[in-house]
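Here's the structure we're looking at; comments come further down.
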Amino acid sequence: MTNHFRTNWTKEEITEIFNSPILDLIYRSSTVHRQFHDPREVQVCTLLSVKTGGCPEDCSYCPQAARYHTDVKVHKLLEVDEVLTKAQEAKEAGSTRFCMGAAWREVRDNRDFDKVIDMVKGVNNLGMEVCCTLGMLTSEQAVKLKEAGLYAYNHNLDTSEEFYNDIITTRTYKDRLVTLENVRHAKISVCSGGIIGMGENENDRIGMLHTLATLPEHPESVPVNALVPVEGTPLEDQEKVSIWEMVRMIATARIIMPKAMVRLSAGRVRMNLEEQALCFLAGANSIFAGDKLLTTPNPGLVQDQEMFQVLQLKPRKAFQESELKTTVL
Ligand code: SF4
């Protein structure tokens, strides 16, 4: 999993890339994309909420935080069989990665964690890349998950360190970085990205990308989300980000972290096909399928199948590391 890419980017360098004329930026990111990935290949992932709502954290964008009054239907941890049935269905619909999300502050060593371990084993046995997003994780818990067959762990930075406290106060930026370290240490593939459209400025977007690209190793997976405002959350009235803002994020992420899977995540539901095509051109190479992304709406299967047809995309297989070129960029 070791890569050989630059991890010493300066904020100035990233700012210059981020602010370059948009067509130049897309041309450059597209070129990098073609160097390290098959540009027609897009990985389809499914994200299932295995435990929904009632979360003690205060993430301002999240309808699952217990303190906000939203329409989210709270449910306790699903049964293992139920989750495995959903994973099988997702596989049959073309997903190669199955991510399970639980609205927890952190993983606790209890029966629920044992159940998650069984879920991980079961999904792994289906031949899918299995990913979890369960909140903060100790290094011992990370090792247990790895031993059960966990392929990747998602833990987003969400935004820049500077803007972070405007969005979340119940855990620190440092806490997040420690979880990422624990995941990396257990040799689990790291998935970490963030959300734009929460009221942050461009420096915050650049700051987040800078933190990700200067970790000791780049995350293998970088989800870029556009906020989907949910009624009842503090960010319910945020304006939609423009497609150009998404494209700038995706293109910059692609250039500075060439090998990462850049995932066009939340917010697709508010993009048309042409806008999504621009994101793929800029270097995005993964989407989440299914009409729900945890709790927020997402385009349906038929719509995505049509998109794959029109754009002549092909689904990426599981566990397929594209050829790692050893060039140091
Ligand atoms: S984003 Fe995660 S940690 Fe934050 S409130 Fe939502 S479920 Fe809890």
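Among the listed pairs 146/174; 86/121; 51/115, a Cα-Cα separation exceeding 18 Å is found for 146/174. For the listed peptides 292-300, 266-274, a ranking on the average number of other beta carbons within 10 Å per residue, highest first, reads 292-300, 266-274. Out of the total accessible area of the chain (probe 1.4 Å, heavy atoms of protein only), what percent is carbon and sulfur? Carbon and sulfur together cover 51 percent of it. The relative contact order of the chain comes to 26 percent, based on Cα pairs under 8 Å that sit 6 or more residues apart. Computed over segment 174-329, the range of Cα coordinates on each principal axis works out to 39, 36, 26 Å, biggest value leading.
Loop-located GluC sites (Glu not before Pro) in segment 71-134 (DSSP state not H, G, I, E or B) with no more than 15 neighbouring Cβ atoms inside 10 Å: 79.
Peptide packing: for 147-156, 211-220, the average count of neighbouring Cβ atoms within 10 Å per residue gives the ranking 147-156, 211-220, highest mean first.
Each eigenvalue of the Cα gyration tensor of the chain, multiplied by 5 and square-rooted, gives one semi-axis; in descending order these are 27, 22, 21 Å.
Cysteines of the chain lacking any other cysteine Cβ under 4.7 Å from their own Cβ: 45, 55, 132, 191, 279.
Shape call for segment 76-129 from the C-alpha gyration tensor, a ≥ b ≥ c root eigenvalues: rounded (a/c under 1.5), prolate (a/b greater than b/c) or oblate? It is prolate, given that a/c is not under 1.5 and a/b is the larger ratio. Of all the options 225, 19, 285, the one that moves most in a Gaussian network model of the chain with Cα springs shorter than 10 angstrom is 19. Note on the chain: with charges restricted to the Cβ of Lys and Arg (+1) and Asp and Glu (-1), its dipole about the Cα centre is near 800 debye. Within the listed set 305, 43, 141, the Gaussian network model of the chain (springs between alpha-carbon atoms below 10 Å) gives the highest mean-square fluctuation for 305. Using only the C-alpha atoms, the convex hull of segment 8-95 corresponds to 217 Å³ per residue.
Result for the chain in a Gaussian network model with C-alpha springs under 10 Å: among 193, 283, 54, the largest mean-square fluctuation is at 54. Rolling a 1.4 Å probe across the protein heavy atoms gives the chain an accessible surface of 44 Å² per residue.
The values are calculated or read from the model by the stated rules, or taken from the named source; none is laboratory data. In this text, all values refer to a predicted model and were calculated from it rather than measured experimentally. Quick reminder, even Gly has a Cβ in these numbers, built from the backbone with ideal geometry, and neighbours come from all protein chains shown. Quick note on the areas: whole protein, heavy atoms, side chains included, nothing else; ligands and nucleic acids left out. Shrake-Rupley method; radii C 1.70, N 1.55, O 1.52, S 1.80 Å.
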